[in-house]
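The values are calculated or read from the model by the stated rules, or taken from the named source; none is laboratory data. This one's a predicted model, so the numbers in the text were calculated from it and none came from an experiment. Reconstructed Cβ throughout: ideal geometry from the backbone, glycine too, with neighbour counts over all protein chains shown.
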Amino acid sequence: MEHFTQSDFWEDRYKNNHTPWDIGYVSTPIKEYVDQISDKNIRILIPGAGYAHEAIYLHQQGFKNVLVCDWAESSFSHLREACPHFPAEHQIVGDFFELDQQVDLILEQTFFCAISPKQRMDYARQSANLLVTGGKLAGVLFAEHLGMQGPPFGGTAEEYEKYFAPFFEIKTMEISKNSIKPRLGRELFIELLRQ
């Protein structure tokens, strides 16, 4: 198993503040997407949540059922400090691929690019398993190859479609128009409907 699929690898990153992927706030594509959701009771999962900026934002907007999952317990220190009323039972320290939940929405923000490319079909399958019928997987993926020395690992829309098409109707998979400046033109926004 690659070292970056083990909890110790990520725990070390967070303990040593070596998190160059973290932008320090909710990502614009995610923010604008969730701002359109009126039902604050839907169950939302954020895998590989890290410092959980998206979860904090959702909680502040009144969403009641936001679950975060990460391999590294230290990653949640920011969440606990910034949002002390975020339910402890919604903070899952563990492996996304072993989760057994039913959610309405999975938000993707830098988790897919952190796992081994060998796990991408498993990611698509597990996302489908976790979502209710008609549930959605939405968020951002890198729109270019980043080399094989990751994480992060990139890819293309054509490649991603092969993973997701067996499980999802692809509603949107296009270059994100509202990515943060360093990632503008380099991210795909996805909205995939669980079949």
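Values for this structure:
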{"read-out": "Selection within region 85-142 - hydroxyl-bearing (S, T, Y) and modelled with pLDDT of 95 or more", "value": "Y123, S127, T133"}
{"read-out": "Options F97, F76, F86; residue that is under 18 Å from L137 (Cβ atoms) and without any contact (Cβ under 8 Å) to a residue 60 or more places away in the chain", "value": "F97"}
{"read-out": "Selection status of A128, over 17 Å from P47 (Cβ atoms) and hydrophobic (A, V, I, L, M, F, W, C)", "value": "no"}
{"read-out": "Given (1) of a type outside the set (A, V, I, L, M, F, W, C); (2) farther than 17 Å from I175 by Cβ; (3) within 16 Å of the chain's Cα centre (by Cα), number of the condition G134 does not satisfy", "value": "(3)"}
{"read-out": "Sole exception among (1) part of a loop (DSSP other than H, G, I, E, B); (2) more than 24 Å from D35 (Cα to Cα) for P84, by number", "value": "(2)"}
{"read-out": "Given (1) in a loop (DSSP other than H, G, I, E, B); (2) in contact (Cβ under 8 Å) with a residue 60 or more places away in the chain, index of the condition Q36 fails", "value": "(2)"}
{"read-out": "Residue count for region 143-182, restricted to those that are within 20 Å of Y33 (Cα to Cα), modelled with pLDDT of 90 or more, out of contact with any Pro (no Cβ under 9 Å at 6 or more places or on another chain) and basic (K, R)", "value": "1"}
{"read-out": "Among residues of region 144-194, those that are aliphatic (A, V, I, L, M) and under 18 Å from L107 (Cβ atoms), counted", "value": "7"}
{"read-out": "Answer residue from region 121-160, given it is without any contact (Cβ under 8 Å) to a residue 40 or more places away in the chain and acidic (D, E) and is surrounded by the fewest Cβ atoms within 10 Å (Cβ to Cβ) among those", "value": "E158"}
{"read-out": "Selected residue (criterion: modelled with the lowest pLDDT) from residues of region 39-80 that are in a loop (DSSP other than H, G, I, E, B) and small (G, A, S)", "value": "A72"}
{"read-out": "Residue match in region 141-148 (condition: touching a strand residue (DSSP E or B) at 6+ places or on another chain (Cβ under 7 Å), part of a strand (DSSP E or B) and among the small types (G, A, S))", "value": "no"}
{"read-out": "Enumeration of residues in region 183-195 that are modelled with pLDDT under 95 and on the phi < 0 side of the Ramachandran plot", "value": "R183, L184, R186, E187, Q195"}
{"read-out": "Yes/no for G50 being crowded, with 17+ Cβ neighbours inside 10 Å, of a type in the set (G, A, S) and more than 20 Å from L131 (Cβ to Cβ)", "value": "yes"}
{"read-out": "Check on E174, assigned to a helix (DSSP H, G or I) and either surrounded by 13 or more Cβ atoms within 10 Å (Cβ to Cβ) or of a type in the set (D, E, K, R) (or both)", "value": "no"}
{"read-out": "Candidate set: region 102-131, residues that are in a helix (DSSP H, G or I) and charged (D, E, K, R); chosen: the one farthest from the chain's Cα centre (by Cα)", "value": "K118"}
{"read-out": "Of all residues making up region 131-157, the number that are among the small types (G, A, S) and more than 27 Å from R43 (Cβ to Cβ)", "value": "6"}
